[in-house]
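What follows is a single structure, written as structure tokens, with notes after it.
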Amino acid sequence: MRTLAPLAPIIAIALASPALAEEVATASSPDGHITVSIDRDGEGHFSYAIAKDGVRLVDYSRLGFLMDNAPPLSRFLELEEVSTDNADTSWEQPWGENRMVRDRHNELSLKLHDTDYQDRRVTVRFRLFDDGVGFRYEFPDAGTTAIAEELTEFNIAEPGTAWWIPGGDWNRYEYLYSETPIEGVGTAHTPITFKLEDGTHLAFHEAALVDYAGMWLRRMDGRRFRAELSPGSGQAKVVREGAFTTPWRTIRISDDAAGLYDNNIDLNLNEPNKLGDVSWVKPYKYVGIWWAMHLNDWTWNSGPNHGATTSHAKDYIDFAAANGFRGVLIEGWNKGWDGNWFGNGSDFSFTQAYPDFDIEEVTRYGLKKGVHLVGHHETGGNIANYEPHLEDAMALYERLGVDSVKTGYVADAGGVKLLPTAGNPVRYGWHDGQEMARHHLKVVETAAKHHIAVNPHEPIKDTGLRRTYPNWVSREGARGMEYQAWGVPGNIPSHVPSLIFTRMLSGPMDYTPGVLSLKGRDGRDLPSTIARQLALYVTLYSPIQMAADLPENYAKYPREFAFIKQVPTDWEETHTLMGEVADYAVMARKERGGTDWYLGGVTDEEARDVAVPLDFLDAGKTYTATIYRDGADADYRTDKRHSIAIETKTVKRGDTLDLRMAPGGGFAVRLAPAK
Ligand code: NOJ
Ligand code: CA
């Protein structure tokens, strides 16, 4: 690390004026293309700007905080010290889209001194990568820090288009994406994606959200956004004792949409694995007593149509064993689903099964056949009821050989029931406030002690913590397949190519693909072709993937089901070959520890012809491509949704595959070295 004097002398200006701003530090990415400039105005405010190849992408944007127990930390700041650093390392993911991740960055940190109030200090640390920038604040030990609001701004320099979902609204992250001019955004969740007029793509998010409130982006005026922290249940949004750091605020920068996805800055800004040996975390595929409830055929609650019975469970275990699925998810096994679980979750037990579900017998039966029960803890967003039982619930699963659990937090945003405090027995909060950030990590850490992997639905957003806690294998955090059963509206075809370049930038999603019947509740049609259902396994990454449809439906589509049985869930390499946000995407992934490549493509409502260069294939090998593509007459709007062409071709590196995607369609291809 090098410590430098400030680049320019800071002079106290009597008649302070923001106009008298001067640049006090700059840094560039390792390849020199991206630069960050820091400036200080005459009132002692600090701002940062970002440019690529000399073109400003983020205009000067202010840094700082409103405090709950002190004056704002924003004005009257002096630059006390500037230091720089750099790194170029690689690290291995226990599972993921890529085995190896390179972390190559330059660092710039600025120690700021508040000369006006108690000699406060805060350090702002920037990391510049060749494909983006991250920065965070680092607070030294100053007793209790109570943050009322973060004042960090993101001032986009050029006009363009934004893809976003509303932040601070009742349905958490479960919205269809809006496509608007940047000036049309309201308050948005991150990741939020922008395409500027010159074609540059930006995506704003955060990394390592630990013991802090989730960040929404609120558009203040024009193209200027400001961090808005998810509210706490008290006055301050964040309360911390002693020294702490904020999450990293991250900005991915790419010439095209594909480069936003093939980007690891958020993972690189997380701490390395803290769990040690995680060989007990297994990527897998699963089936489950699940879609039947969403169809209203079976129920979560007890009664004549109870889904989670010992007998149904054994049928599913037999089905999983016969078809090579490691897991069977069973929802509705535990007491508490009768009555208004949706509204409060206070009746849920996490250890007691309904009388018609013999959990000991079911798990024993499964393990005999090599099939693992995937545990389920729906909380109804009632943390006050869940946390006291966490340890017992995880211990039960460990004893039964259950090594993964899906959790759920169904509750309106702001309607999560938090733990009581002295003098305040009833407390509600947001699903992404500081207390929920703490809660999710507590679940993950408790589960890790019992060697259990966690997959939360209605979660807090992913900020790359899977690097630090590799048992945090997946999560929902967007509209998944369930909306195709009962959503009004359902997920429109552009939803998937929207997800890929927004939500999926943050990490794995348990979308639960593979509904080959293409039927939802009451016989409604899924807006999808059958080939697209296969494409979802390649394009929507998760190390755990469900085959969501009913076993009797898979029996009707054996050729397509063969692909679902075969497709891996863990990858050596991933390449986004082409795409446009909300329009289409084509991705290639190589099986982890194997030789096969998989190709997937999805489109929106438009039919699309793509010429896919097979440059990713290993040189010198001949491959047999098994292609699952939309039939010539396939169309998500007609009764030709099941029209598919399945064919094989011999190909090699350098060849091009011409593929046509139908409206609402897609394709999946397995490329295996020819024998
Ligand atoms: C919502 C989840 O997303 C879904 O997968 C689950 O079946 C229900 N909650 C019930 O827990
Ligand atoms: Ca959900």
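Computed values, structure above
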item	result
Tabulated pairs, the range 403-430, first in a strand (DSSP E or B), second small (Gly, Ala, Ser) and more than 16 Å from ligand 1 (Cβ to nearest atom), C-beta under 6 angstrom, 6+ apart or interchain	SER404/ALA453; VAL416/GLY429; LYS417/ALA384; LEU418/SER233; LEU418/GLY429; ARG427/SER233; GLY429/SER233
Check on VAL238, touching a Leu at 6+ places or on another chain (Cβ under 7 Å), over 20 Å from ILE50 (Cα atoms) and among the β-branched types (Val, Ile, Thr)	yes
Total residues in the range 209-228, condition buried (at least 20 other Cβ atoms within 10 Å of the Cβ) and touching a helix residue (DSSP H, G or I) at 6+ places or on another chain (Cβ under 8 Å)	6
Evaluation of ASN344 against (1) within 16 Å of THR299 (Cβ to Cβ); (2) within 29 Å of the chain's Cα centre (by Cα); (3) at pLDDT below 95 (one fails), failing number	(1)
Candidates PHE357, PHE350 - the one that is of a type in the set (Phe, Trp, Tyr), farther than 26 Å from HIS431 by Cβ and surrounded by 16 or more Cβ atoms within 10 Å (Cβ to Cβ)	PHE357
Test: PRO304 is surrounded by fewer than 19 Cβ atoms within 10 Å (Cβ to Cβ), out of contact with any strand residue (DSSP E or B) (no Cβ under 6 Å at 6 or more places or on another chain) and without any contact (Cβ under 8 Å) to a residue 24 or more places away in the chain	yes
Wholly enclosed strands (runs of 3 or more DSSP E) of the range 558-669 bearing at least 2 residues crowded, with 22+ Cβ neighbours inside 10 Å and among the β-branched types (Val, Ile, Thr)	597-603
Cβ pairs under 9 Å, 6+ apart, first in the range 460-471 and farther than 12 Å from ALA207 by Cα, second basic (Lys, Arg) and modelled with pLDDT of 95 or more	ILE460/ARG475; TYR469/LYS274
So TYR386, is it under 16 Å from ASN455 (Cα atoms), touching a Ser or Thr at 6+ places or on another chain (Cβ under 7 Å) and within 16 Å of ligand 1 (Cβ to nearest atom)	yes
Residue that is surrounded by the fewest Cβ atoms within 10 Å (Cβ to Cβ), among those in the range 179-208 that are small (Gly, Ala, Ser) and farther than 28 Å from ASP53 by Cα	GLY186
Any hit, the range 494-504, residues being in a helix (DSSP H, G or I) and polar (S, T, N, Q)	yes
Candidates VAL239, VAL287, VAL278 - the one that is of a type in the set (Val, Ile, Thr) and within 16 Å of ligand 1 (Cβ to nearest atom)	VAL287
Residue within the range 504-523 that is within 16 Å of ligand 2 (Cβ to nearest atom), aromatic (Phe, Trp, Tyr) and surrounded by fewer than 22 Cβ atoms within 10 Å (Cβ to Cβ) present	no
Matching residues, the range 353-383, being in a loop (DSSP other than H, G, I, E, B) and under 19 Å from HIS450 (Cα atoms)	VAL371
Which numbered condition ASN305 fails, given (1) under 30 Å from PHE204 (Cα atoms); (2) over 20 Å from the mean Cα position of the chain (by Cα)	(1)
One residue from VAL416, VAL410 being surrounded by fewer than 22 Cβ atoms within 10 Å (Cβ to Cβ) and within 15 Å of ligand 2 (Cβ to nearest atom)	VAL410
Conditions (1) on the phi < 0 side of the Ramachandran plot; (2) modelled with pLDDT of 95 or more: number failed by GLY381	(1)
Those strands (runs of 3 or more DSSP E) lying entirely in the range 246-333 with at least 2 residues among the charged types (D, E, K, R)	248-254
Test: residue in the range 290-299 that is over 19 Å from PRO513 (Cα atoms), within 16 Å of ligand 2 (Cβ to nearest atom) and not charged (D, E, K, R)	no
Filter pass, LEU57 being under 30 Å from GLY222 (Cα atoms), more than 27 Å from the chain's Cα centre (by Cα) and assigned to a strand (DSSP E or B)	no
Selected residue (criterion: surrounded by the most Cβ atoms within 10 Å (Cβ to Cβ)) from residues of the range 444-493 that are of a type in the set (Gly, Ala, Ser) and away from ligand 1 (no atom under 16 Å from the Cβ)	ALA453
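Per-residue answers, yes or no, for (1) at pLDDT below 95; (2) touching a strand residue (DSSP E or B) at 6+ places or on another chain (Cβ under 6 Å); (3) surrounded by fewer than 17 Cβ atoms within 10 Å (Cβ to Cβ):
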position	(1), (2), (3)
ILE10	yes, yes, yes
ALA16	yes, no, yes
VAL24	no, yes, no
ALA27	no, yes, no
ARG40	no, yes, no
LYS52	no, yes, no
LEU63	no, yes, no
LEU79	no, yes, no
THR84	no, yes, yes
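The values are calculated or read from the model by the stated rules, or taken from the named source; none is laboratory data. This structure is a prediction, so every number in the text was calculated from the model and none was measured. Virtual Cβ from ideal backbone geometry, glycine too; neighbours counted across all protein chains shown.
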